[in-house]
Amino acid sequence: MKKRILSLLCIAVLCMSLMAGCGGGTQNSAAPESGNTEGWVPTEDIELTVGNDAGGGADLFARKMVEIIGKYDMCPVNITVVNKPGSSHVVGFTYLVETGGDYNMNVVSSSFYAQPISGNSPLTFDDFSYVALVAKDPSLLIASNNSGFETLDDIIAYAKENPGALMLGGSSAISDDAILCEQIKQQCGIDITYVAMEAGSDVLANVMGGHVQLGAMSPAEIGDNLAAGNLKAIAISADDRFEEFGLGDVPTFKELGYEIDHQQHRGFVMAADASPEAVRYFSDLIEQVYNTEEWQQFMEDNCMTGFFMDCDEYSEYNQELIDTYTEFIAMIQENQ
Amino acid sequence: MELLHNIATGFSVCADPIVLLYCFIGVVSGVVIGALPGLGPSTGIAILLPLTYGMEPVAGIVMLAGIYYGAMYGGSITSILINTPGESAAVMTALDGYPMAVKGRPAQAMGMAAYASIIGGTASAVLFMLLAPVIAEFALVFSPAEYFALMVMGLTAISGMSGGNAFKGFVAAGLGLFVSTIGLDAIMGTQRFVFGIVHLYGGIDFVPVAMGLFGIAEIISSSAEESGEQIKLGPDDLKFRKMFPTKEDWRWSAPHILRGTLLGFFVGVLPGAGATIASFLSYDLAKKTSKRGELFGTGVIEGVAAPESANNAASMGAMVPMLTLGVPGSGSTTVMMGALLMFGMTPGPFLFEKEPEFAWGLIASLFIGNLILLLLVIGALPLFVSILKVRPAILNGVVMGFIIFGAYALGNDVFYIGVAGFFGALGFIFKKLKIPAPPMVLAIVLGYITETNLRQAMILAQGNFIAVISRPITAVILIIALLLAFGSPIKSLIGRLMAHRKAAA
């Protein structure tokens, strides 16, 4: 009897103390409201939240930025990258908005727009302050070897002769890949069935295995498979061609005469209650990082196009992005 | 000849003391991470990933790989000793491992778990070395239709885990299938049973569920029991001799280790199916092909050997598509691939040509790592078994602490602790009602994949179900699944018909 009570008591005490420790939450004291608008400098460590797991796209993006900042000593305080994965970045953004303040940032990717617009996020765009846009991430259209497609014209011809037979795999039901599919349907006047898959690697595996004729994915995820001849690259939705991963011969949609230019925008946001001085500080900091050679190299290695907008420009441009996503997501949801 | 040259290059890379050091660190950390019921290999690799920044790529990847297959063994330690699987690929090991420990044979169970893991791992490393380029093609052959069939085959394993009462097994599995539907639907993005809770949009991951159902439930129920039997260890039990399974044990286990290794390796190679699924399938296959299949669950040694060899083999297999195609073979290899990209290595068909030292160094480290594991086990097994000497009151408290830490570490959020706690309470109820918990975890792991792949296959076949199931590989796997599910009733039916005939004649 005594042993039983003792054991239960030990467990209870340990549990309670651990819960208290874990559940305390980060107490971010509000940054002192500086009276002067110039010269805001961070006095506390900064938390950069990322909504996916270590090793994911946004995570590597964030860590690279922090690495460059650290290398050139651009910031007087530490910036820590914290992963808060869950629900396609929604958990991470919810955490950002709840903690708020001048010392919390998050990374923007297409999920930032796609989730609220498709009704899968409790947050609105007014909950955020827009810090900077840094890069555009294009989508690559690939085709399996057994489909026999070599160019976009082949695909259009096939689709017109065989309505309903053309399939395109992409990651997630509502994503940049789905939007690319919609754009191709619209602009080329053909019918394509979109097959939602888990992630870029699943799209890659299914296209290389010949189970789906077309796929949409981020060019950086291709690895060496194009050079090895495991698949064909048809076109890319960027403004200019890329040289990496053997994509030098792949035309852009614009070259082929189509306005298929949807790209994922990558940048940074803070919560709406961040002071304008802090936002301006980070916007300038990120611009400094953007201009370094390391960052330009990083973007090149990952087939991203540099596209810098500071906090004011981004706040204005944001509505354009919202409108684009709203338009396309409505089309996607209509087709379902 | 070229192969020998390549592997020699690999071993020469590994001869670097830094690489060996990191291999050792990786394997030891992996065993510890695997043993702790809160941490699993993917969490462990994700947490230790930042340590590899700025490291030599070979040293870094060797360490991460060491964590991976070390954890596959480590999970069995707590599975066997305290019925609390250290990670999800060790859930099956507890089914026969813990009863063996209760019967007074913890050391043999742990020894067999270790040797099965090492044999499975080494044999798969050989397969990896010989077959990597060919296997890469095999990895791509499975379309959603084939995955659907494989998962259906996996679901037939429920019958093997029900411990005699099939109805209760189905109840658990049914609940598990329900839990697997929670979240955003994969094909259309519709919200299912989310109730506006942000964390549920992504569904409920099976890791905290397993921690709760097995870990927390076990601790609460064993603390609440009157008897509170502690497994008694005599002074003999820690002698070196006793660590070795007997000849008879080997005779029973050998064919299952062989089958488990092959099954585990090929399942691991398939992108998206990893060590956990491999261990389920292997346990089920062992139960259905063993001469004493009915005794599974009471403490038979092959019930430990089969899943353990399979999960180590699967961890090796999962690295094949990661390196040769850039397609991760399992959850943990997804994180490892992030590390590869960070090192500036492009995974894919040319990795072996462009960076032979890196690739072959990794393969050579697999052999060295398994050797380190063997030495570690021989040296430390008595230490592991002595865990049983700790008073349950204290041991349970510490384990519970690790579970809570581990649940939090999954996503830096207390939500996961809540999930583990909820399923812990559910698991306690299950124990009182004698409902088996493994079918629920199996259903959660497989349910989502089964549904998603079926729907994708139907879309690709434009709605033609017959076309889906008449694909050659799909049909073969489905027939095997039918045989596994209905084999024994059909056999006994035929047996009775024959007996009737004889009686009538």
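The values are calculated or read from the model by the stated rules, or taken from the named source; none is laboratory data. Note that the coordinates shown come from a computational prediction; the quantities given were computed from them, not determined experimentally. For neighbour counting, all protein chains shown are included, and Cβ atoms are generated from backbone atoms with ideal geometry for every residue, glycine included. Ligands, DNA and RNA are stripped out before the accessible areas are found, and what is left, the full protein with its side chains, is counted by its heavy atoms. Shrake-Rupley method; radii C 1.70, N 1.55, O 1.52, S 1.80 Å.
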Provide Rg and Dmax in Å for the stretch B:15-68, with only Cα atoms included in the calculation.
10.6, 34
How far is helix A:276-290 tilted off the main Cα axis of chain A, in degrees rounded to 10, range 0 to 90?
50
Could you run the Karplus curve 6.51 cos²θ - 1.76 cosθ + 1.60 with θ = phi - 60° over the stretch B:101-111 and give me ³J(HN,Hα) per residue in whole Hz, x for Gly and Pro?
5, 4, 6, x, 10, x, 5, 5, 4, 5, x
R0 of 41 Å, Cβ-Cβ distance B:Ala499-B:Val476: FRET efficiency to nearest 0.05:
0.80
Radius of gyration, Dmax [the protein assembly as shown; alpha carbons; angstrom]
27.2, 106
The summed charge of the B:Ile417 Cβ neighbourhood (under 15 Å; Lys/Arg +1, Asp/Glu -1) stands at -1
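Run lengths n ≥ 4 of DSSP H only: what is the helix-derived mean residue ellipticity at 222 nm for chain B, with -39500 (n - 2.57) per run over all residues, to the nearest 500?
After summing the helix terms and dividing by residue count, I get -24000 deg cm²/dmol.
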When a/c reaches 1.5 or more, the comparison of a/b and b/c decides; with that in mind, is chain B rounded, prolate or oblate per its Cα gyration tensor?
rounded
Taking the Cα centre of the protein assembly as shown as origin and charging only Cβ (+1 Lys, Arg; -1 Asp, Glu), how large is the dipole, in debye to the nearest 20?
6560
Karplus-derived HN-Hα couplings along the stretch A:198-206 (A = 6.51, B = -1.76, C = 1.60, θ = phi - 60°), whole Hz, x at Gly and Pro
6, 8, x, 5, 5, 4, 4, 4, 6
So what does B:Val32 come to for accessible area, using a 1.4 Å probe and Å² rounded to 10?
80
Let me check something: with ligands and nucleic acids excluded, how do B:Leu381, B:Leu295, B:Leu376 order by accessible area (1.4 Å probe), largest to smallest?
B:Leu295, B:Leu376, B:Leu381
Using a 7 Å offset from Cα along Cα-Cβ at B:Ile387, what residues in the stretch B:279-310 end up with backbone N under 15 Å from the label point?
none
Among residues other than B:Arg455 whose Cβ falls under 14 Å from its Cβ, what is the net charge (Lys/Arg +1, Asp/Glu -1)?
-3
In chain A, what is the volume of the convex hull around the alpha carbon atoms, normalised per residue and reported in Å³?
181
Can you send over the solvent-accessible area of B:Asp205, 1.4 Å probe, protein chains only, in Å² to the nearest 10?
80
Based on the alpha-carbon gyration tensor of the stretch A:232-336 and its eigenvalue square roots a ≥ b ≥ c, which shape applies: rounded if a/c is under 1.5, prolate if not and a/b is larger than b/c, or oblate?
oblate
Amide H contacts under 5 Å for A:Phe308, restricted to residues at least 5 apart in sequence or on another chain and with H modeled in the peptide plane, are none
Only helical DSSP H runs with n ≥ 4 go in: add -39500 (n - 2.57) per run for chain A, normalise by residue count and round the 222 nm mean residue ellipticity to 500 deg cm²/dmol.
-13000 deg cm²/dmol
Which stretch or stretches of the stretch B:457-486 have amide N atoms under 18 Å from the point lying 7 Å from B:Thr289's Cα along the Cα→Cβ direction?
B:476-486
Long-range HN-HN contacts of A:Ser171 with modeled amide H, under 5 Å:
A:Asp177, A:Met197
Where the eigenvalues come from the Cα gyration tensor of the stretch B:287-425, what are the semi-axes √(5λ) of the equivalent ellipsoid, largest first, in whole Å?
34, 24, 18
Got a number for the accessible area of A:Phe245? Probe 1.4 Å, square angstrom, nearest 10.
50
Summing Lys, Arg as +1 and Asp, Glu as -1, what charge do residues with Cβ under 10 Å from the Cβ of B:Phe296 carry, B:Phe296 excluded?
-1
In terms of solvent-accessible area of protein heavy atoms at a 1.4 angstrom probe, what is the ranking of A:Glu320, B:Glu308, highest value first?
A:Glu320, B:Glu308
Here the stretch B:71-77 yields Karplus 3J(HN,Hα) values (6.51, -1.76, 1.60; θ = phi - 60°; whole Hz; Gly and Pro given as x) of 5, 4, 7, x, x, 6, 4
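Which of rounded, prolate, oblate describes the stretch B:358-505, given a ≥ b ≥ c as roots of the alpha-carbon gyration tensor eigenvalues and a/c under 1.5 marking rounded, otherwise prolate only if a/b is larger than b/c? Working shown, then result.
Numbers: a/c = 1.64, a/b = 1.49, b/c = 1.10.
Taking the square roots of the gyration eigenvalues as a ≥ b ≥ c, the stretch B:358-505 is prolate.
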Angle check, please: helix A:90-99 long axis (alpha carbons) against the longest principal axis of chain A (alpha carbons), in degrees 0 to 90, nearest 10.
30
From the protein chains alone at 1.4 Å, what is the descending order of accessible area for B:Ile490, B:Ile444, largest first?
B:Ile490, B:Ile444
The stretch A:168-318 - convex hull of alpha carbons, volume per residue in Å³:
132
Give me the aspartates and glutamates in straight-line cross-link reach of B:Lys432: C-alpha distance below 13 Å, same-chain residues under 8 apart excluded.
B:Glu218, B:Glu225
Normalised alpha carbon radius of gyration of the stretch B:4-156 [divisor 2.2 N^0.38 Å]:
1.19
Out of residues 5 or more away from A:Met217 or on other chains, whose amide H comes under 5 Å of its own, with H placed 1.01 Å from N in the peptide plane?
A:Leu140, A:Ile142
